[in-house]
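The values are calculated or read from the model by the stated rules, or taken from the named source; none is laboratory data. Just so we're clear, the structure is a prediction, and the values are computed from it rather than from any experiment. No Cβ is skipped: glycine too gets one built from the backbone with ideal geometry, and neighbour counts run over all protein chains shown. Side chains are part of the model used for accessible areas, which takes the heavy atoms of the whole protein and leaves out ligands, DNA and RNA. Shrake-Rupley method; radii C 1.70, N 1.55, O 1.52, S 1.80 Å.
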Amino acid sequence: MDRTGIQLDIRDDIEQSALIEALTEILGPKGLLTAPEDCARYASDQSGLCGVTPLAVLRPAGTDEVAALLALCNERRIGVVPQGGRTGLSGGACSPQGTVVLSTERMSGVTEIDPDAMTLTAWAGTPLETVQEAARAEGLDYAVDIGARGSATIGGTIATNAGGIRVLQHGMTRANVLGLEAVLADGSVISRLGKTVKDNAGFDLKQVFIGSEGTLGVVTRAVLELRRQVVRTALALFALPDHAAALACLSAARQRFGARLSAFEGMWPDYWDFVCHETSLVAAPLEGRHGFYLLIEIEVDGQHGETELEDFFAELFEGGIVEDGVLAKSLGEMRALWQVREAVGQVDDDFGPHINFDIGVSPSALGLFCEAADVRLTEVPEAIGVLKVGHVGDGNVHLLVAHDGSNTAEARIEAAIYDLVREWGGAVTAEHGIGRIKGRWIGHSRSPAEVAMMQAMKSQLDPNGILNPGALFVETKP
Ligand SMILES: Cc1cc2nc3c(=O)[nH]c(=O)nc-3n(C[C@H](O)[C@H](O)[C@H](O)COP(=O)(O)OP(=O)(O)OC[C@H]3O[C@@H](n4cnc5c(N)ncnc54)[C@H](O)[C@@H]3O)c2cc1C
């Protein structure tokens, strides 16, 4: 896909001044941005795809305003791009030509915490970190956690069904949302903000919106399930001969720590060498070269978390499963170990032009899939470097493939990897979403019948195709 600008042919003929007048009536001057210099920063997210400056940025302050705005845009067939913190990595929040952005930035704040029901209710525009901090002040926590927590919003994490490092323990966003309010394209409000844990009265409609990337409705509020706050964790880095040993280690860790196993993150040697040796991004916490590296985190109930991990290491070392390891003995050492894994967010300048794949396969097949990907990429001369890092327990690898920056290289590398994903029955996106970057590859993960069902739902809920045109479904235009 051309990353220099999205050019969708959407209603260039709209009468902008009449539209602006009608929008101002709903929002008041504080709620509307129309100057191109103000609107420009809402054009793109963090995917690298360049959006076009939106016609206007709508900043509603509540559900009623969202409903009135969507009803108006639906009547006039104006494409609306819902937007949270613009941290998305698939271009879902990038605005195509001739559309308006609906930003949730004024719909922010936690409205209730119920410690007995262990729930938190928040507006969609609330940053994830604000929710986590509010929960922690009550001795509770919200389990969804991602690197972009400071800017990513609750609405954005719901719309993308965000994953992150705690999926192993608590599942993806859809497993952590109890209630939801969303506005449909015609302005009708679907509101289910009760805290009912058991509710089998028909379809679970909130799940329709979770992961729908702003194409079926605008999420306005949510009731989130909280967990007991974990006061202490222990963390170790293990070096192993290969991914098969990592799987053996995962199985042993599940047996030993059960639900206390809170993170199990993997780094392949290509990634390790790049961030620790080829660049000065992080200092190598271990000497020597190994076939695989794991970060293992457990929740600690008493005082002996480090000893538990030491004993675990000793047992695996004896069994020939691990070759070396280091245990974090302080908060500073924990941060240093996590930095090795999180350095994936800083490789852009050193690695040069690259595609950041977000592939999901069965956890038991992840190592073999990655070996197959390495082989497949040797057949693509434009692929000049590979880094692999990911969530081992979830079967999710972030595969970064460097190339010469040409469109041909991108096309050939994408085809090679996504063909392989199809052959392995995997997912072309495990957690970042389809957005505007991967729309044409959805058929590599989903059957024609599944795609047809998704399209039928889209046509039913948004018959004029105004919600996030061009996202998820490549061909939709209002
Ligand atoms: C450093 C970094 C680390 C990241 N780590 C992870 C990770 O570990 N796991 C992971 O899953 N993702 C990760 N991401 C991706 C990103 O943070 C998530 O996709 C996040 O959920 C997006 O939230 P947002 O508020 O920024 O949404 P935006 O980027 O603004 O929007 C994302 C999508 O959601 C839609 N949307 C936003 N708000 C609403 C709403 N209220 N109603 C309906 N649709 C809406 C948009 O139209 C768009 O399609 C990371 C991103 C960065 C930059």
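Structural remarks
- Hey, residue 57 more than 12 Å from the ligand (Cβ to nearest atom), of a type in the set (A, V, I, L, M, F, W, C) and over 22 Å from residue 187 (Cα atoms) or not: no
- Among residues of region 394-405, those that are closer than 23 Å to residue 296 by Cβ, open to solvent by 10 Å² or more (accessible area, probe 1.4 Å) and not in a strand (DSSP E or B), counted: 1
- Pairing residues of region 325-351 that are of a type in the set (Gly, Ala, Ser) with residues that are part of a helix (DSSP H, G or I) and open to solvent by 40 Å² or more (accessible area, probe 1.4 Å), at Cβ distances under 7 Å and at least 6 apart in sequence or on separate chains, gives 325/313.
- Each residue in region 327-371 was checked for being within 20 Å of residue 172 (Cα to Cα) and touching a helix residue (DSSP H, G or I) at 6+ places or on another chain (Cβ under 8 Å), and 7 of them qualify.
- Residue count, region 133-152 (criterion: open to solvent by 10 Å² or more (accessible area, probe 1.4 Å) and within 10 Å of the ligand (Cβ to nearest atom)): 7
- Taking region 81-147 as the region of interest, the strands (runs of 3 or more DSSP E) fully inside it that hold 3 or more residues being modelled with pLDDT of 95 or more and under 15 Å from residue 226 (Cβ atoms) are 110-114, 119-123.
- Only listed residue being surrounded by 21 or more Cβ atoms within 10 Å (Cβ to Cβ) and among the hydroxyl-bearing types (Ser, Thr, Tyr), chosen from 53, 99, 63, 111: 99
- Tallying residues that are open to solvent by 10 Å² or more (accessible area, probe 1.4 Å) and either within 15 Å of the ligand (Cβ to nearest atom) or in the same structural domain as residue 212 (by TED's automatic domain parsing) (or both) within region 75-96 yields 9.
- Residue check, residue 116 under 30 Å from residue 261 (Cα atoms) and either under 19 Å from the mean Cα position of the chain (by Cα) or within 11 Å of the ligand (Cβ to nearest atom) (or both): no
- Any chance residue 222 is crowded, with 20+ Cβ neighbours inside 10 Å, free of Cβ contacts under 8 Å to residues at least 40 places away in the same chain and either near the ligand (Cβ under 10 Å from one of its atoms) or assigned to a strand (DSSP E or B) (or both): no
- Options 214, 194: the member that is in a loop (DSSP other than H, G, I, E, B), touching a residue at least 60 places away in the same chain (Cβ under 8 Å) and either farther than 30 Å from residue 313 by Cβ or under 18 Å from the mean Cα position of the chain (by Cα) (or both): 214
- Hey, residue 308 modelled with pLDDT under 95, assigned to a helix (DSSP H, G or I) and under 30 Å from the mean Cα position of the chain (by Cα) or not: no
- Hey, residue 155 farther than 28 Å from residue 48 by Cα, open to solvent by less than 20 Å² (accessible area, probe 1.4 Å), of a type in the set (Gly, Ala, Ser) and at pLDDT 95 or above or not: no
- Count of region 155-177 residues which are more than 8 Å from the ligand (Cβ to nearest atom) and either in a strand (DSSP E or B) or within 23 Å of residue 106 (Cβ to Cβ) (or both): 1
- Any hit, region 201-208, residues being open to solvent by 10 Å² or more (accessible area, probe 1.4 Å), under 17 Å from the mean Cα position of the chain (by Cα) and not β-branched (Val, Ile, Thr): yes
- Tabulated pairs, region 123-138, first assigned by TED's automatic domain parsing to the domain that holds residue 224 and under 9 Å from residue 155 (Cα atoms), second open to solvent by 30 Å² or more (accessible area, probe 1.4 Å) and in a strand (DSSP E or B), C-beta under 6 angstrom, 6+ apart or interchain: 123/221
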